[in-house]
Amino acid sequence: MTSVWGVGEERAKLLARLEIFTVEDLLLHKPRRYEDRRKFLPIRDLKLKEAATVRGTIIASGVKRWKGGARAMFECVFDDGSAHLHCRWWQAQPWMADWFAVGREFLVFGKPESLRPRTIDHPETEPVEADDDEFIHVNRIVPIHPLTDGLTARVMRTLIWRALEKFENEIAEPQFGFGVPPLGGPGESRKEPHKGGTPNLPSRANAIRMIHFPEELADVEFARQRLALDEFVELQFQIQSRRKKFEALAKALPCGGDNRLMKSFLTQLGFKLTAAQTNVLREIRADMGGVHPMRRLLQGDVGSGKTAVAACSALMALESGFNVALMAPTEILAEQHFRNFTKWFEPLGVKVELQTGSRKTSNIQHPTSNIEGSRAASRITHHASLFIGTNALFTAGFDLPKLGLVIIDEQHKFGVVQRETLVRKGNYPHLLVMTATPIPRTLGLTLYGDLDVSVIDELPGGRGKIKTFVRAADKLPKVWEFIREKISGGRQAYIVYPRVEATASDIKAVTKEFENVQRALAPFKVGLLHGRMKSAEKENVMTAFRSNEIKAVVATSLIEVGVDVPNASVMLIENAERFGLAQLHQLRGRIGRGAHESFCILISDVLKEDAQSRLKILEETNDGFKIAEVDLKLRGPGELLGQEQSGAMKLRFGDLSEDLNLIRQARELVRQNLQLDFSRTGVS
Ligand code: ADP
Ligand code: MG
C-alpha cells in the first residue's frame, strides 16, 4: 500500500481501518456521494432543509457560549458575495479557531436549519487550496468517500486520484470477465444505464475512473453496474464451478422409489395434496431417480405444507432401500417432526428415530400403540429408517450407512458451510433443503445458486384468514380483552417478546412479562418458552399447549420456525418494530393453520414514521415474497438470512435488492464459459 504516493505507515494504518489494504481496495473504495462542483449555488439561494454545497470565504469566526455558558459552540460566517451563511458546531474543538481562520475559502455542504439568518449545523467542509491539485477537488463532479478520523475527504480523493494515474493501465479485465462487452472509450460507452436488455458497459478500468471521477452523474450508475457485474461474475463462477465439480464427482444413488409405501401413506394422510405439492414432488422424483444427486431448495410460504412433501420424498428413498436423515434447527421442531413422522411411518413399517442434544431413541424399540400399528410392525420388511434430529444428529459419531436422502428443514437457520459438511458425511446422498423464508430471486441466484429451486406457490384450502393489526401499546388493555374473548371461545394464543436471550437479564425480562401475561389472562393457564429452558421443560410446555391444556404461551422468537398447532388463532407480538418483516411473517405463520379466522396484533410504540409504515406492510399483504423483497431493500440480506450466510457475500457495488438483471447476465456468462471449457478454469 505504501507504493502509493502519500501513503506512509501512519496513513496505511488509517486506511486499514477502512479495510483498505491494497491498491485495488483503494481503487474500489466506493464514494458514498458526489458533489457537482462545476458551479455552486449562491448562498442567497439556499433552501430550508435542502442539502447543497456552497463556496464561501470566512469573514468571522469564534467560540460562543451556548445556553448560559454551559457549552462552548464554534461558529463561523461564510460570504460568497450573494449572502452570509452561519455554520455552527455545538462542541468547539481547540483546532477550529486556526482551521476556520478569517480569509480562508471553503466548500460547505449541509442542510440549512434556518434561513434567518441562513444557518447550517455541523456541515461537511473542505478547504479550497490554490495548489496544484485544484482540478481534482473543484470545477468537476467530485466523490466524497467514506472516511475515518484523521483522513479527510480531500486526502482520500487525492490518494485515489494518484493511484488511478499510476495504476490505471494495469487494471486488467477480470479473469472471468470473458465476453463482457465492449471495451469502448468513455465517449462511446456513455449510454443509458442498463435497465434490462443488453448492456453496453465500460471497460473495468474506465468504470473505476468513472466511479470516482465521473464526467456526468449519470456515469456513476453506469460504472457501478460494470463493477457489480464483475462481482456477480466472480460469485457465479465460484457457485457454478463448485456445482460442476460436484456433478463430475458424485454419482446419484437410485432413490426414485416404487410407490408401494407412498400409496398407503397418501390414503391415510387425511387430505389431498395440493397441485403445487404434487408438482414439486414430480420434480423431486425426477431428481432422485436421475444421474446426479439432487441439490434442491424447496421454498414454500409458512403453512404451505412442506412437511408432507418432505415425507413423500423420504418415502421415495425408503422404498428404494436407503436411509433418510431429516434435520431441524431446534429441538422443539425436531420433536414435532418425530411425532408426525412416527404417526405417519410406523404403520408403514418404517422405523423413525430421534436424536437431539438431549434425547436419543436409537436402539429403542418404539411401542406401537394400536392394533393396526402392531400388525404393521410385524410386517416390517424395510430395513431403511428415517432419522430425525437437530445438528446433534450430524456431529461426532453419526455416520449413517446407505444414506440416500438428507432433508434440511428451515434451511435459513443453517449456514452454507454447514450445508456442505452435511452432505459430505454421507456419500453424496440427495439433498432437499426447505425454507419458509421466501427468497427473492436475486438471493436465490447467488446465495443459493448451486441449488435447483422448487416453489410451493399455493396454500392448502380450508384455512381461515389471518387479519393483522398494528397498534400502540396504550391499546393493550383492549387487546387483552380480545384475547380473553377468543380463549373463552375455545382458541389459543401466542404472546411473543423480542428477546435475544443472550443474557440473563433478557430471560429475567421475559419471565417478568410472563407474570404480567398470567395476570392479564387469569384464570386461563399460560405457559412460558424461552431458549435457555431445558428441552424437557420446553417439550412439556409444548405438549400441554398442543393438548389445549395451556391456553396461551409466552415465548421469545423461539417459536418462529415450524411449530404447528392449528387451534392457536391469536398472536400478540410486543415491540414488533424490533423484528424484521420476514421474521414477523414467519411468526404469524404459526396461526391461521386451522379453519378459524386468525388475528395477529403487532404492538409498537415507536412513532417513527418509517417504523410504522414498515409494519403496515404486514397489515396489507400476506404474500411472503412481497414481504421478503421489502425486507431485503430495507435491511439487507443479513437480516433476511441470518448473519452467517450474508457474511459470505461482500459486495461493494452489487446490490442484491436491485440487480436481478446483472445477476442473470453474470450467470449466463459463466454458464456459457464453463460449458465451453471447464477443465481450463483451474478450480480443484
Ligand atoms: P410448512 O410448509 O410451514 O412447514 P406444514 O408442513 O407444517 O407447513 O403444514 C401446515 C399444515 O397444513 C399442517 O397442519 C399440515 O398437516 C397441513 N397440510 C399440509 N398439506 C395440506 C394439504 N394438501 N391439504 C390440507 N392441509 C394440508
Ligand atoms: Mg415447516
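Structure notes:
- Number of the condition not met by Asp133 [criteria: (1) open to solvent by less than 60 Å² (accessible area, probe 1.4 Å); (2) at pLDDT below 80; (3) over 16 Å from Arg37 (Cβ atoms)]: (3)
- Within the set Ile208, Ile144, Ile160, the sole residue that is in contact with a strand residue (DSSP E or B) (Cβ under 6 Å, 6 or more places away or on another chain) and at pLDDT 80 or above turns out to be Ile144.
- For segment 336-351, taking the residues that are within 14 Å of ligand 2 (Cβ to nearest atom) and open to solvent by less than 10 Å² (accessible area, probe 1.4 Å), the one that is modelled with the highest pLDDT is identified as Phe341.
Listed here are the residues, each with its yes/no results for (1) at pLDDT 85 or above; (2) more than 14 Å from ligand 1 (Cβ to nearest atom).
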{"position": "Ile550", "(1), (2)": "yes, yes"}
{"position": "Ala555", "(1), (2)": "yes, yes"}
{"position": "Leu558", "(1), (2)": "no, yes"}
{"position": "Val563", "(1), (2)": "no, no"}
{"position": "Asn567", "(1), (2)": "yes, no"}
{"position": "Ile573", "(1), (2)": "yes, yes"}
{"position": "Glu577", "(1), (2)": "yes, yes"}
{"position": "Arg588", "(1), (2)": "yes, no"}
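To keep it simple, each residue is scored yes or no on (1) under 14 Å from Ile573 (Cα atoms); (2) touching a residue at least 60 places away in the same chain (Cβ under 8 Å); (3) touching a Cys at 6+ places or on another chain (Cβ under 8 Å).
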| residue | (1), (2), (3) |
| --- | --- |
| Arg463 | no, yes, no |
| Thr468 | yes, yes, yes |
| Arg471 | yes, yes, no |
| Ile483 | yes, yes, no |
| Ile495 | yes, yes, no |
| Thr503 | no, no, no |
| Ser535 | no, yes, no |
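- Any chance Phe246 is more than 16 Å from ligand 2 (Cβ to nearest atom) and within 22 Å of Leu674 (Cα to Cα): yes
- When restricted to residues that are modelled with pLDDT under 80 and either within 12 Å of Arg285 (Cβ to Cβ) or in contact with a Leu (Cβ under 8 Å, 6 or more places away or on another chain) (or both), segment 241-259 contains 0.
- Taking segment 80-178 and the strands (runs of 3 or more DSSP E) fully enclosed by it, the elements with 3 or more residues that are out of contact with any helix residue (DSSP H, G or I) (no Cβ under 8 Å at 6 or more places or on another chain) are at 84-89, 105-110, 112-115, 118-121.
- Top-ranked residue of segment 59-84 - restricted to ones that are in contact with a Cys (Cβ under 9 Å, 6 or more places away or on another chain) and surrounded by 18 or more Cβ atoms within 10 Å (Cβ to Cβ), ranked as farthest from Glu105 (Cα to Cα): Phe74
- Residue in segment 311-333 that is under 24 Å from Ala555 (Cα atoms), within 16 Å of ligand 2 (Cβ to nearest atom) and without any contact (Cβ under 8 Å) to a residue 60 or more places away in the chain present: no
- Given (1) open to solvent by less than 40 Å² (accessible area, probe 1.4 Å); (2) within 39 Å of the chain's Cα centre (by Cα), index of the condition Thr119 fails: (2)
- From the list Ala153, Ala97, the lone residue that is more than 43 Å from the chain's Cα centre (by Cα) and open to solvent by 10 Å² or more (accessible area, probe 1.4 Å) is Ala97.
- Check on Arg532, of a type in the set (Lys, Arg) and either modelled with pLDDT of 95 or more or within 16 Å of ligand 1 (Cβ to nearest atom) (or both): no
- Single residue of segment 309-335 satisfying the filter (under 29 Å from the mean Cα position of the chain (by Cα) and more than 16 Å from ligand 1 (Cβ to nearest atom)) that is surrounded by the fewest Cβ atoms within 10 Å (Cβ to Cβ): Glu331
- Residue match in segment 389-399 (condition: part of a loop (DSSP other than H, G, I, E, B), open to solvent by less than 70 Å² (accessible area, probe 1.4 Å), over 23 Å from Gly589 (Cα atoms) and modelled with pLDDT under 70): yes
- Arg11 being more than 13 Å from His145 (Cα to Cα) and surrounded by 15 or more Cβ atoms within 10 Å (Cβ to Cβ): yes
- Selection from segment 270-308 of residues that are basic (Lys, Arg) and buried (at least 18 other Cβ atoms within 10 Å of the Cβ): Arg285, Arg295, Arg296, Lys306
- Once segment 264-309 is narrowed to residues that are assigned to a strand (DSSP E or B) and closer than 13 Å to Asp457 by Cα, the residue that is nearest to ligand 2 (Cβ to nearest atom) is Gly300.
- The set of residues in segment 28-54 being open to solvent by 60 Å² or more (accessible area, probe 1.4 Å) and either more than 28 Å from Arg224 (Cα to Cα) or without any contact (Cβ under 8 Å) to a residue 24 or more places away in the chain (or both) consists of Lys39, Leu41, Arg44, Asp45, Lys47, Leu48, Lys49.
- Residues being more than 8 Å from ligand 1 (Cβ to nearest atom) and within 30 Å of the chain's Cα centre (by Cα) - total across segment 289-308: 8
- Taken together, Arg532, Arg519, Arg590 contain a single residue that is among the basic types (Lys, Arg) and either within 30 Å of Ile456 (Cβ to Cβ) or open to solvent by less than 40 Å² (accessible area, probe 1.4 Å) (or both), which is Arg590.
- Number of the condition not met by Leu432 [criteria: (1) within 16 Å of ligand 1 (Cβ to nearest atom); (2) at pLDDT 75 or above; (3) part of a loop (DSSP other than H, G, I, E, B)]: (3)
The values are calculated or read from the model by the stated rules, or taken from the named source; none is laboratory data. What you see is a predicted model, and the numbers here were worked out from it, not measured in a lab. Note that each Cβ is placed from the backbone with ideal geometry, even for glycine, and that neighbours are counted across all protein chains shown. We work out accessible area using only protein heavy atoms, side chains counted, and drop any ligands, DNA or RNA first. Shrake-Rupley method; radii C 1.70, N 1.55, O 1.52, S 1.80 Å.
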